[in-house]
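Chemist: Before I ask anything, here is the structure I am working with.
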Amino acid sequence: MPERRTVALVTLGCARNEVDSEELAGRLAADGWELVEEAADADVAVVNTCGFVEAAKKDSVDALLEANDLKDHGRTQAVVAVGCMAERYGKELAEALPEADGVLGFDDYADISDRLRTILSGGVHASHTPRDRRKLLPLSPVERQGAASAVALPGHGALQAPAEPPRAPADLPEGVAPASGPRAPLRRRLDTSPVASVKLASGCDRRCSFCAIPSFRGSFVSRRPGDVLGETRWLAEQGVKEVMLVSENNTSYGKDLGDIRLLETLLPELAAVDGIERVRVSYLQPAEMRPGLIDVLTSTEKVAPYFDLSFQHSAPAVLRSMRRFGDTDRFLELLDTIRGKAPQAGVRSNFIVGFPGETEEDFAELERFLVHARLDAIGVFGYSDEDGTEAATYEGKLDQEVVDARLAHLSRLAEELTAQRAEERLGETLEVLVESVESDDLDDDEYAAAGRAEHQAPETDGQVLFTTGAGLAVGRMVTAKVVGTEGVDLVAEVLEEAGR
């Protein structure tokens, strides 16, 4: 009997990458690979890279080099790059980083097991020449669903070959989600968190001048509601209590299925899945927000009134240069509408400062918006040119010293404003999903348990801290009262286990 091969998946970047890694894990587990947590314990380390901005690309290269070092004094025999950076640069990355034994693009995901075996046996898999993935599908969204079966869409699964019927659940290892349909992926969880992301769609049809994502993630393609529901039911069976819907743009969900309001229909169905306590929607475009979607997000039981709105800026001139829409007053009106329906709603956003042509007046306008917006979480990034983007060709680039100064200034302001917003929640009663519980034998500056309320997404928006873990357990939903703050984090006392 051949020796069982081991593989570790190292994931960088966003929640969409995490879903892709779990699809790769499902494929590998179904094909006999043993999944291990640490790269040092694996025959092959697969690094799921991020290619969004320069800092993320550097982190990806560092992770590949760190994994490569293990080959000198550990079990690891090969290091393979997958993910956005591998797809975006292909041969160029392989030539610049010979430490990687393989650079695999999205088209390789369906055959990931064969690719890794080839690399481990000393063979070479030729890295791809990158192409604009927006051109792989029809321009019209309603024509894409039929053509999408021939295109690799990470996180969507893949069409089975006609001679290869889908595997029955009994034929799969324990913990692997069965592919119940042509676009339902095999999936295996890589952690035991009570929270998991579910991919709602892939790609993006927007053409923001600073963003390269559509060129390597492709045009917007929705997953069918039945596949999303089936995956959510499976996650609930694995102990997941909260699902977070992710894509490049959730507000566009359904437009290629003939119903731009499909999300409004799907959300109550997801919330009704047995075992699911909370459904969260991320990545919303302000220009595409509609009254019906706001109503569902603010009034549906178990759906978090949470708005991850991609504002990016608020000065009209800068937004137009970004090929985006809106202004300070329109954005504030949108927030007023949301809070009029759900006063405790959570809102977060990201912003770019130092965009080409940004004047001092534009920067002051962005400050005005932030001061009045009362956002729960704010991400601030300094502009930098990205390969292949329209903005990289713009004139009017600001000196790096100016960009750095504005970034530092707005980051300080964001920290102050989000801390103030947290203080506004003193006395509020929240439903908190417990995510970690420690021993009560702690130092004075430590907390015994932590979780997240409806206005807090994983990794990005702070958390709720408890001074005692008595009666708490990971995955339990509790009702708690906010009694203190630490920056964006809230300190709370448990009132009771949530009534559900």
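Chemist: When residues of segment 474-491 are filtered for being under 23 Å from the mean Cα position of the chain (by Cα) and open to solvent by 40 Å² or more (accessible area, probe 1.4 Å), how many remain?
Modeler: Here the count works out to 2.
Chemist: What number of residues within segment 368-388 satisfy the criterion of being buried (at least 17 other Cβ atoms within 10 Å of the Cβ) and either within 24 Å of Q456 (Cα to Cα) or at pLDDT 95 or above (or both)?
Modeler: Summing the residues that are buried (at least 17 other Cβ atoms within 10 Å of the Cβ) and either within 24 Å of Q456 (Cα to Cα) or at pLDDT 95 or above (or both) in segment 368-388 gives 11.
Chemist: Please report, ordered by residue number, the strands (runs of 3 or more DSSP E) entirely within segment 1-103 with at least 3 residues that are under 22 Å from A152 (Cα atoms) and open to solvent by less than 30 Å² (accessible area, probe 1.4 Å).
Modeler: 44-49, 78-83
Chemist: Which pairs turn up if I take residues in segment 117-132 that are in contact (Cβ under 8 Å) with a residue 24 or more places away in the chain and of a type in the set (S, T, Y) and look for partners that are surrounded by 11 or more Cβ atoms within 10 Å (Cβ to Cβ) and assigned to a loop (DSSP other than H, G, I, E, B) with beta carbon separation below 7 Å, at least 6 apart in sequence or on another chain?
Modeler: Note: pairs meeting the criteria are S127/G90; T129/G90.
Chemist: Taking interchain pairs and intrachain pairs at least six residues apart, which have beta carbon atoms under 7 angstrom, with the first residue in segment 376-400 and within 29 Å of Y306 (Cα to Cα) and the second hydroxyl-bearing (S, T, Y)?
Modeler: If the second residue must be hydroxyl-bearing (S, T, Y), the pairs left are D376/T418; A377/T418; A377/T460; I378/S349; I378/T418; V380/S411.
Chemist: From (1) open to solvent by 40 Å² or more (accessible area, probe 1.4 Å); (2) at pLDDT 90 or above; (3) within 27 Å of L257 (Cα to Cα), pick out the condition that doesn't hold for L159.
Modeler: Status for L159: all satisfied but (2).
Chemist: Could you go through segment 327-346 and let me know if any residue there is in contact with a Pro (Cβ under 8 Å, 6 or more places away or on another chain), of a type in the set (F, W, Y), buried (at least 20 other Cβ atoms within 10 Å of the Cβ) and not in a helix (DSSP H, G or I).
Modeler: no
Chemist: Out of all the residues in segment 194-237, which are within 20 Å of T265 (Cα to Cα), among the basic types (K, R) and surrounded by 20 or more Cβ atoms within 10 Å (Cβ to Cβ)?
Modeler: K199, R223
Chemist: How about segment 104-127: which of its residues are in a helix (DSSP H, G or I) and closer than 16 Å to D20 by Cβ?
Modeler: F106, D107, D108, Y109, A110, D111, I112, S113, R115, L116
Chemist: Any residue at all in segment 95-102 that's of a type in the set (D, E) and touching a helix residue (DSSP H, G or I) at 6+ places or on another chain (Cβ under 7 Å)?
Modeler: yes
Chemist: Can I ask one more? Just to be sure, is R421 more than 25 Å from the chain's Cα centre (by Cα) and crowded, with 19+ Cβ neighbours inside 10 Å?
Modeler: So R421 fails the test.
Chemist: In addition: Take the residues in segment 429-473 that are open to solvent by 10 Å² or more (accessible area, probe 1.4 Å), among the polar types (S, T, N, Q) and part of a loop (DSSP other than H, G, I, E, B); name whichever of them is modelled with the lowest pLDDT.
Modeler: Across segment 429-473, the extreme among qualifying residues is S439.
Chemist: Tell me, please, whether a residue that is touching a His at 6+ places or on another chain (Cβ under 6 Å) and open to solvent by less than 30 Å² (accessible area, probe 1.4 Å) can be found in segment 317-324.
Modeler: Yes, that holds for at least one residue.
The values are calculated or read from the model by the stated rules, or taken from the named source; none is laboratory data. Every value quoted in this text rests on a predicted model; they were computed, and no experiment measured them. Here the Cβ is made from the backbone with ideal geometry for all residues, glycine too, and neighbour counts use every protein chain on show. Side chains are part of the model used for accessible areas, which takes the heavy atoms of the whole protein and leaves out ligands, DNA and RNA. Shrake-Rupley method; radii C 1.70, N 1.55, O 1.52, S 1.80 Å.
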